[in-house]
1. Touching a helix residue (DSSP H, G or I) at 6+ places or on another chain (Cβ under 9 Å) and within 30 Å of Ile31 (Cβ to Cβ): is that true of Val75 in this structure?
2. Going by the structure shown, is Ala68 more than 25 Å from Leu114 (Cβ to Cβ), touching a helix residue (DSSP H, G or I) at 6+ places or on another chain (Cβ under 8 Å), buried (at least 16 other Cβ atoms within 10 Å of the Cβ) and among the small types (Gly, Ala, Ser)?
3. Only helices (runs of 4 or more DSSP H) wholly contained in the stretch 12-126 count here; list those with 3 or more residues that are assigned by TED's automatic domain parsing to the domain that holds Ile2 and in contact with an Asp or Glu (Cβ under 9 Å, 6 or more places away or on another chain).
Amino acid sequence: MIYRAVLICVAGALAASLLGGRPEMKLGVTIAAGLCAAMLCLDGLRDGARTLQALSRQAGLEDGCAAAMLKATGVAMLAEFGAQLCRDAGESALAGRVEMAGRVTLMGIALPLLSGLTGRLCALLP
């Protein structure tokens, strides 16, 4: 946890020092720091995925439900990361498109779950 905070602070200070002179270097520092911070979070993500799978087994959910939740989490994180990179590069319009693509992808992941839920609800009705 502390390593991530120190990395982000150092990258922020370095990016701020590059603010006036070399904007392309600032973007490179921002991307590199973001990727390093994401790599440092992988252990926590693995633990979260294992916990989610264990909880879904205990609840008696199908494996497809847990997989869909993990996919949705990954898509949401990647879309947010990509949108922030676009904003850092000064491309706010492109950031909006990245967020929209993430939402559409999430909807595609959720549709089979919603279909299964609707089927189960209809089976409960007399």
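1. yes
2. For Ala68, the condition - more than 25 Å from Leu114 (Cβ to Cβ), touching a helix residue (DSSP H, G or I) at 6+ places or on another chain (Cβ under 8 Å), buried (at least 16 other Cβ atoms within 10 Å of the Cβ) and among the small types (Gly, Ala, Ser) - is not met.
3. The qualifying helices (runs of 4 or more DSSP H) are 23-40.
One line per residue, one yes/no per condition, for (1) surrounded by 15 or more Cβ atoms within 10 Å (Cβ to Cβ); (2) farther than 16 Å from Cys65 by Cβ; (3) of a type in the set (Asp, Glu):
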{"position": "Asp88", "(1), (2), (3)": "yes, yes, yes"}
{"position": "Ile109", "(1), (2), (3)": "yes, no, no"}
{"position": "Gly116", "(1), (2), (3)": "no, no, no"}
{"position": "Gly119", "(1), (2), (3)": "no, no, no"}
{"position": "Leu124", "(1), (2), (3)": "no, yes, no"}
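The values are calculated or read from the model by the stated rules, or taken from the named source; none is laboratory data. Fair warning: this is a prediction, and the values are worked out from it, not measured in the lab. Every residue, glycine as well, gets a Cβ built from its backbone with ideal geometry; the counts of neighbours run over all protein chains shown.
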